[in-house]
Amino acid sequence: MAEVNDRGFAKLKVPIGPSHPALEEPARFLFDVEGEKVVDVDYEIGYNHRSIERLCQERPFSKIVYLVERICGICSHAHPLNHVERVEDIADIEVPERAKYIRTIYAELERIHSHMLWVGIAGEEIGYHTLFMYTWREREKVMDLFEMLSGNRVMHGCNKIGGVKWNISDEQTRSALGVLGYLDTTADKITKAVLKDSSIAERGKGVGCLSKEDAIRLGAVGPNARASGVPEDTRVMCKYAAYGDFDLEPQIAKDGDVVAQALVRLAELKQSIQLTKELFVNLPEGPLQVEYDEIPPGRSVGRVEAPRGELIHYTETNGTRFFERIKIRSPTLANIPSYVPKFIGCQVADIPIIAASIDPCFSCTDRVTVIKDGRRKIVSAQELKTGRI
Amino acid sequence: MASGFIKDLIRSFTVGIVGKTATVRSASEVEVPAAYRGTPIIDPEKCILCGRCGKVCPAGAIALRTSASEKSVRIFVGHCVFCSECAMICPVSAITMSKVWDTVVTDRLSRDTMSEREIKRRPRPKEKQASSSVARESREPTPQAEDSAQIPPTDNKSGPTNE
Amino acid sequence: MIASIVVVLVYAFVAALLLQGIRRIVVAHSQFRKGPSIFQAFYDFFKLMGKESLTPNVTSPLLFNLAPILSVASMLFAALVIPLAASASAVGAGDLILVIYLLAIPPIALILGGSASGSPYGAIGAAREVALLIAYEAPFIVAMVTVALAAGSFQLSTISSTAWITVLPLAAVAAIWTLPAAAAVQPFDIAEAETEIVSGPYVEYSGPNLALLQLGQWLKTFLYASLIVVVFFGTAIYHFGTGINLIIEFAIIALLVSAFIAFWQATTGRTRVTRVLRYYWTIPTLLAVTDLILYVADVRYMHFLFGWAGL
């Protein structure tokens, strides 16, 4: 028989994960529920650890771009972009303008397809399969565009140290502009479907609220923070690649609930479509890459706005043909602590949609669970402050 | 909860049932774009066995073997990530990325390379029929899969080469 | 008599599984895709029958293994009692109250099985199924009782001699409105909410146990729809003479009703269990009660509106 706590509810711990239909990637949450209300949450990550940072120390430079690309399928351009920018920063390589624009085009296309994916996943979590099918069907147009430009739907392999590999021809520009025009009207339809449809509004309003103070205190990044009103966007703050030539406004919403998350991502979808059109139209002529000599010893830290938020890479070279250290802090790692205020007080029925609301990508997250003397220990906040990001 | 229900009813009845679905029935209906990177194929006549492709491959899928009697370069399809680094670095452009997207292998260390497959099913002309015939062939068991599997770069057994 | 029993049982089995296939295809077409094969439910059922049935280390293996059997047995009995193929059912006297009780047994079996699973998902799923059952049974029972009142008897053979939708359309609307909840599809698939509680009460079942539990639910959907058709469309479908014709006509009507479920499923997401109770106990129950009151007060509004047409 189940124990009963002092409020008369049976003490029930509901595990979500590591393998659960609500999550695309393995992570473990343990909820203390009373009836249908969640009172506490505990989480464990690290199931997707593949020791990529260690592998990066064993392979020469030219192969690391491909390795870093395969950290995550949805952010498969943000990681190599950040990586090559760090190396170019260490070696003082000036990348041609055309290459910067092409990199930005890929980054924005990736943001478009990632946000459409999110809308589909959000629909799927609340049981609205038709929205899932609809948005993913439209997302296929973006994947076809990627395939036309780079030869593959994800893992484009377009970045290299010193520039890009694949050129964009005029004909490709023309088809891309056609696809983007179609996506513009589709984005309007999706926005209408999400906001006016009572299924999403009913399930999402007031659910999983994150206040602005909590978002800043817990270090939330990306659309997750912008949905709570934090006006930070790494594209605007750091102006990497070609973003310096464009005027971007961070899209923010006030409430911090699931509907606000949807609003922010849909607004960014429209913004990215518009920006990509401008990038294609204003693509400057020029070479695609520059030659470079040796990479000198040095370090570089920098960030990039992945579709999920701020992605930080720390790269250190030591003059040999291997990297000394690459350290990656993915946006989902920063967003995970914001789960706690979101989950506490919600209903069990809302768990999947809140889990999906920060757009988690546990494949990027890579944090290790330390097992010492047979006991399991999660890395604590203290250790995070002293040693690691 | 049933907002827009009648409209959705009519829309799904007319568009969904009468119109074209997004489902594609058969794999042969798939068209790949021009920039598509399929499996790499080494042209045996052009290859000068310099070994640059093997050094640059990020997945370690290319094995260059030199022994007293023969030299050969072999691409292991099960490991290839289709990045086309080998095609770009080859000094004589002996490697091309084909449009073959159906790369089922029964054994990841399958020693059956794309070059040998090309030679074996030579009688048919290329393009559309090529992809479907390779699709048919890949459902048969790969001929060398029964050999003991070995890590590609340290392969010491002699076997079919592609000169 | 044995022959007619066998025919009815086989018919119920085949029709219930085909109904699932049709529902899935219609839903798929609404989503711009082709669905599975129409016989997919058959493939699923027979595949599961060939697998191993594992019983977890639970407190009550008896309840756990009894639930699927209870579910299917009650539904097969209901198939014999509802006049599916003729105005008299296969085993004679069909009683409305008996059928309503039988139709409530598969959800109860699900609740028992879910609670006996020993899994938190099963427990939560069982609790939600309780709430769902209470919610949708309310308007359904009121509507059925109204019809019985109008017919003057609870015998299904008497009730099905008139097409009651022409006299009590509001009760018909209330009863049809509860169909998606009985079928446990969106927006009411909360008991087996996939992304939340991983199949709910079904989570620990496998093999023939799971096949029978699912079969019980499929039969319940089919027989629920059949009961509504028998009660509200009555003799309208019995014009066509031979048994086989009747069965075909009947199947067509049941399939149309299923299409109604499928469209609603395709266009909505899942509701919350707290909302379901409020949803079904307000408007649908109000409709059914209104019809009851109007009938008792002798207000024959349908006759008033359409009496000149000779209905």
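In the condition set (1) over 18 Å from C:S206 (Cα atoms); (2) touching a Gly at 6+ places or on another chain (Cβ under 9 Å); (3) not in a helix (DSSP H, G or I), C:V27 is compliant with all but (3).
Every residue in region C:26-44 that is surrounded by 20 or more Cβ atoms within 10 Å (Cβ to Cβ) and in contact (Cβ under 8 Å) with a residue 40 or more places away in the chain, please. Those that are surrounded by 20 or more Cβ atoms within 10 Å (Cβ to Cβ) and in contact (Cβ under 8 Å) with a residue 40 or more places away in the chain: C:V26, C:V27, C:S30, C:Q31, C:A41. Do we find a residue being more than 14 Å from chain C (Cβ to nearest Cβ), surrounded by 24 or more Cβ atoms within 10 Å (Cβ to Cβ) and not β-branched (V, I, T) anywhere in region A:124-143? No; the residues of region A:124-143 include none that is more than 14 Å from chain C (Cβ to nearest Cβ), surrounded by 24 or more Cβ atoms within 10 Å (Cβ to Cβ) and not β-branched (V, I, T). For region A:196-222, the tally of residues that are away from chain C (no Cβ under 14 Å), small (G, A, S) and out of contact with any helix residue (DSSP H, G or I) (no Cβ under 6 Å at 6 or more places or on another chain) stands at 1. Against the conditions (1) within 14 Å of chain A (Cβ to nearest Cβ); (2) out of contact with any Asp or Glu (no Cβ under 9 Å at 6 or more places or on another chain), C:E192 satisfies every one except (2).
Kindly establish whether C:I261 is more than 12 Å from chain A (Cβ to nearest Cβ), surrounded by fewer than 16 Cβ atoms within 10 Å (Cβ to Cβ) and within 19 Å of the chain's Cα centre (by Cα). Give the steps one after another, and end with the answer.
Details: more than 12 Å from chain A (Cβ to nearest Cβ): yes; surrounded by fewer than 16 Cβ atoms within 10 Å (Cβ to Cβ): no; within 19 Å of the chain's Cα centre (by Cα): yes.
Answer is no for this residue.
Among the residues of region A:261-276, not a single one is of a type in the set (D, E, K, R) and either within 14 Å of chain C (Cβ to nearest Cβ) or not in a helix (DSSP H, G or I) (or both). Considering each residue of region A:51-72 in turn, at least one proves to be in contact with a helix residue (DSSP H, G or I) (Cβ under 6 Å, 6 or more places away or on another chain), more than 12 Å from every other protein chain (Cβ to nearest Cβ), buried (at least 16 other Cβ atoms within 10 Å of the Cβ) and in contact (Cβ under 8 Å) with a residue 40 or more places away in the chain. Give the residue that is surrounded by the fewest Cβ atoms within 10 Å (Cβ to Cβ), with candidates limited to residues of region A:1-19 that are within 22 Å of A:C361 (Cα to Cα) and out of contact with any Asp or Glu (no Cβ under 9 Å at 6 or more places or on another chain). Among those that are within 22 Å of A:C361 (Cα to Cα) and out of contact with any Asp or Glu (no Cβ under 9 Å at 6 or more places or on another chain), it is A:S19. Against the conditions (1) within 14 Å of chain A (Cβ to nearest Cβ); (2) in contact with a Pro (Cβ under 9 Å, 6 or more places away or on another chain), B:A34 satisfies every one except (2). Sub-7 Å Cβ pairs linking a first residue in region A:10-37 that is part of a strand (DSSP E or B) to a second residue that is of a type in the set (S, T, N, Q), at least 6 apart or interchain, are A:K37/A:Q347, ordered by first then second residue.
Somewhere in region A:265-277, is a residue touching an Asp or Glu at 6+ places or on another chain (Cβ under 6 Å) and farther than 23 Å from A:L311 by Cβ? For region A:265-277, residues touching an Asp or Glu at 6+ places or on another chain (Cβ under 6 Å) and farther than 23 Å from A:L311 by Cβ: absent. The single residue among C:L66, C:L17, C:L9, C:L48 that is closer than 18 Å to C:L255 by Cβ, among the aliphatic types (A, V, I, L, M) and either within 14 Å of another protein chain (Cβ to nearest Cβ) or surrounded by 15 or more Cβ atoms within 10 Å (Cβ to Cβ) (or both) turns out to be C:L17. The residues on offer are A:V340, A:V301, and the sole one that is surrounded by fewer than 18 Cβ atoms within 10 Å (Cβ to Cβ) and within 19 Å of A:E44 (Cα to Cα) is A:V340. Of A:R103, A:R111, which residue is basic (K, R), farther than 28 Å from A:A193 by Cα, in a helix (DSSP H, G or I) and touching a helix residue (DSSP H, G or I) at 6+ places or on another chain (Cβ under 8 Å)? The unique qualifying residue is A:R103.
The set of residues in region A:192-231 being surrounded by fewer than 21 Cβ atoms within 10 Å (Cβ to Cβ) and without any contact (Cβ under 8 Å) to a residue 40 or more places away in the chain consists of A:K192, A:K196, A:S198, A:E202, A:E213, A:I216, A:R217, A:G229, A:V230, A:P231. Of the residues making up region A:236-260, those that are buried (at least 21 other Cβ atoms within 10 Å of the Cβ), in a helix (DSSP H, G or I) and not β-branched (V, I, T) are A:Y243, A:A260.
Can you name every residue in region A:144-155 that is outside any helix (DSSP H, G or I) and either facing another protein chain (nearest Cβ under 8 Å) or buried (at least 24 other Cβ atoms within 10 Å of the Cβ) (or both)? Don't jump to the end; show me each part of the working.
Kept after step one, since they are outside any helix (DSSP H, G or I), are these residues of region A:144-155: A:151-155.
The answer is A:G151, A:N152, A:M155.
Within region A:114-143, the set of residues being part of a loop (DSSP other than H, G, I, E, B) and among the aromatic types (F, W, Y) comprises just one member, A:Y128. Of all the criteria given as (1) closer than 22 Å to C:S117 by Cα; (2) away from every other protein chain (no Cβ under 14 Å), the one not satisfied by C:F77 is (1).
When each of C:Y202, C:Y224 is tested for being among the aromatic types (F, W, Y), under 28 Å from C:F46 (Cβ atoms) and within 14 Å of chain A (Cβ to nearest Cβ), the lone residue that passes is C:Y202. The condition (being hydrophobic (A, V, I, L, M, F, W, C), at pLDDT 90 or above and in contact with a helix residue (DSSP H, G or I) (Cβ under 8 Å, 6 or more places away or on another chain)) is satisfied by just one residue among A:A241, A:A225: A:A225. Hey, among the residues in region A:156-191 that are part of a helix (DSSP H, G or I) and β-branched (V, I, T), which one's surrounded by the most Cβ atoms within 10 Å (Cβ to Cβ)? Filtering region A:156-191 for residues that are part of a helix (DSSP H, G or I) and β-branched (V, I, T), the one surrounded by the most Cβ atoms within 10 Å (Cβ to Cβ) comes out as A:I190.
The values are calculated or read from the model by the stated rules, or taken from the named source; none is laboratory data. Note that the coordinates shown come from a computational prediction; the quantities given were computed from them, not determined experimentally. Note that we place each Cβ from the backbone using ideal geometry, even for glycine, and neighbour counts take in every protein chain shown.
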